[in-house]
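Read through the structure below, which is laid out as structure tokens, and then see the notes.
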Amino acid sequence: MHLYGNLLSGQPERQHISMSAIYYSQSYREAREKFLQAASGLSQTACLLPGLRGPDGLPLYTDTAYLGPRDAARLLIVSSGLHGIEGYAGSAIQIHTLKHILQPPLPDNLAVLHVHALNPYGFAHDLRTNADNIDLNRNFHDWTQGKPQDHKLAGAVHDILFDQSLMRRYVRAGAFLARYGACTAQAALTQGQFSNPQGLFYGGQALTHEARIWRVLLDRYGANRSHIVHLDLHTGLGQRGHGEIIVADGPDSAMFERAKDWWGPVTSLSDGSSVSARVVGDICTSFNRAASATAHTLATLEFGTVSGYKVVEALLADNRARLQGRGSLQVARDKMRKVFYPQDVLWQEKVLNRGQQVISAALRGLQDIKPD
Ligand SMILES: [Zn+2]
């Protein structure tokens with residue numbers, strides 16, 4: 001009706017003009033420049049990733065921007081790009097937040113730390129992993145305790161997914177799903193594996209340089225706080241455009257209750273309510289919670305893009321092209337972009353709005369905690 005009305009009246013049809021291009025970027029380099037510009041005037045640090053370069057030949061950095069009093073008791077940390085290519089959405093949320101909701105001054109007891117591009121190599125090269133095929137969100141394991149156990153079906157799932165015959169792969173995957181169910185299949189694939197450096201969701205053999213940078217930042221900024229909230233921004237799992245909050249602790253915990261109060265419906269990895277399976281060595285394990293008096297509220301904000309099947313297909317195409325020399329690198333890269341960074345204005349706007357809503361609610365929640 002509306003469309004015909006416009007045509008009949010001779011009025012030009014109203015275009016949906018998006019402001020999202022201001023915040024979103026088409027390369028790591030552009031995202032970094034926008035982030036540094038949005039954070040100008042704030043205290044910044046640039047942590048170099050040694051020995052590695054972007055496709056433009058330039059060095060790669062994890063950058064931070066700190067807003068608020070240095071000795072504030074309460075700290076909100078927002079981080080992006082732990083899974084490289086997922087940094088496009090995370091970076092846009094950070095830039096949007098810096099421009100619109102984090103106008104100084106903050107209350108005396110509150111500070112915000114943005115950590116931009118935790119995996120700058122993956123971000124710059126459109127990968128989910130780092131340069132060594134390591135999934136950094138499986139790498140924060142305490143390696144002094146030895147290597148974590150793989151899921152008992154991790155090898156079987158890999159064997160099926162890497163079957164070179166497409167037909168046989170479908171048949172075997174169907175049989176596996178019929179026998180074990182989708183939840184077990186997801187857990188076996190995504191929980192993290194520590195045996196196959198060429199495989200998917202590989203967690204490494206020791207703490208990576210990127211993980212060490214994060215630990216140094218936590219030591220530097222996390223000390224002497226009464227409460228730390230951490231929001232780690234991701235894309236790729238769940239309903240398209242929906243931003244699910246996945247809380248580190250389970251439904252019986254004080255953290256989960258607090259998260260529900262601040263954000264409304266939230267999920268947890270521990271009870272099967274989340275779009276994600278339980279994982280080993282994720283970034284939440286890097287907080288030394290037992291050894292400090294600091295209270296923590298740790299969550300992942302995960303934005304859905306396309307079906308899990310398409311995501312796995314893209315990860316396999318990337319793996320085959322990059323590590324096995326099979327298939328075009330450019331085609332794989334395009335697939336990765338499609339599934340982790342949709343070029344869809346409505347999706348991008350939804351992500352910005354939800355990001356702003358969640359960060360604003362976290363700041364209000366932190367502010368409203370009873371005096372220390
Ligand atoms: Zn992710």
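General observations
- Test: residue in segment 261-277 that is part of a helix (DSSP H, G or I) and buried (at least 17 other Cβ atoms within 10 Å of the Cβ): yes
- Applying the set (1) open to solvent by less than 20 Å² (accessible area, probe 1.4 Å); (2) touching a strand residue (DSSP E or B) at 6+ places or on another chain (Cβ under 9 Å) to Leu136 leaves exactly one unmet item: (2).
To keep it simple, each residue is scored yes or no on (1) modelled with pLDDT under 95; (2) buried (at least 21 other Cβ atoms within 10 Å of the Cβ); (3) away from the ligand (no atom under 16 Å from the Cβ); (4) of a type outside the set (S, T, N, Q).
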{"site": "Tyr61", "(1), (2), (3), (4)": "no, no, yes, yes"}
{"site": "Arg74", "(1), (2), (3), (4)": "no, yes, yes, yes"}
{"site": "Ser91", "(1), (2), (3), (4)": "no, yes, no, no"}
{"site": "Leu106", "(1), (2), (3), (4)": "yes, no, yes, yes"}
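Here is a yes/no grid of residues against (1) within 12 Å of the ligand (Cβ to nearest atom); (2) within 23 Å of Arg289 (Cβ to Cβ):
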{"residue": "Gln94", "(1), (2)": "no, no"}
{"residue": "Ile101", "(1), (2)": "no, no"}
{"residue": "Leu113", "(1), (2)": "no, yes"}
{"residue": "Ala117", "(1), (2)": "no, no"}
{"residue": "Ala124", "(1), (2)": "no, no"}
{"residue": "Arg128", "(1), (2)": "yes, no"}
{"residue": "Asp142", "(1), (2)": "no, yes"}
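- The residue that is modelled with the highest pLDDT, among those in segment 298-351 that are open to solvent by 10 Å² or more (accessible area, probe 1.4 Å) and hydroxyl-bearing (Ser, Thr, Tyr), is Thr300.
- Taking the criterion of being within 14 Å of Asp126 (Cα to Cα) and of a type in the set (A, V, I, L, M, F, W, C), the residues of segment 318-336 that qualify are Ala321, Leu329, Val331, Ala332, Met336.
- Here the condition is being touching a residue at least 40 places away in the same chain (Cβ under 8 Å) and more than 21 Å from Ala21 (Cβ to Cβ); of Leu329, Leu316, it holds for Leu316 alone.
- A residue that is open to solvent by 50 Å² or more (accessible area, probe 1.4 Å), of a type in the set (A, V, I, L, M) and out of contact with any strand residue (DSSP E or B) (no Cβ under 6 Å at 6 or more places or on another chain) cannot be found anywhere in segment 228-247.
- Selection within segment 279-305: residues that are among the β-branched types (Val, Ile, Thr) and under 20 Å from Ser80 (Cβ atoms). The member of this set that is farthest from the ligand (Cβ to nearest atom) is Thr297.
- The single residue among Ala178, Ala185 that is at pLDDT below 95 and either under 24 Å from Val306 (Cα atoms) or within 15 Å of the ligand (Cβ to nearest atom) (or both) turns out to be Ala185.
The values are calculated or read from the model by the stated rules, or taken from the named source; none is laboratory data. Values in this document were obtained by computation on a predicted structure and should not be read as measured data. Methodologically, a virtual Cβ is constructed for each residue, glycine included, from the backbone with ideal geometry; neighbour enumeration extends over all protein chains shown. Heavy atoms of the whole protein, side chains included, go into the accessibility calculation; ligands, DNA and RNA do not. Shrake-Rupley method; radii C 1.70, N 1.55, O 1.52, S 1.80 Å.
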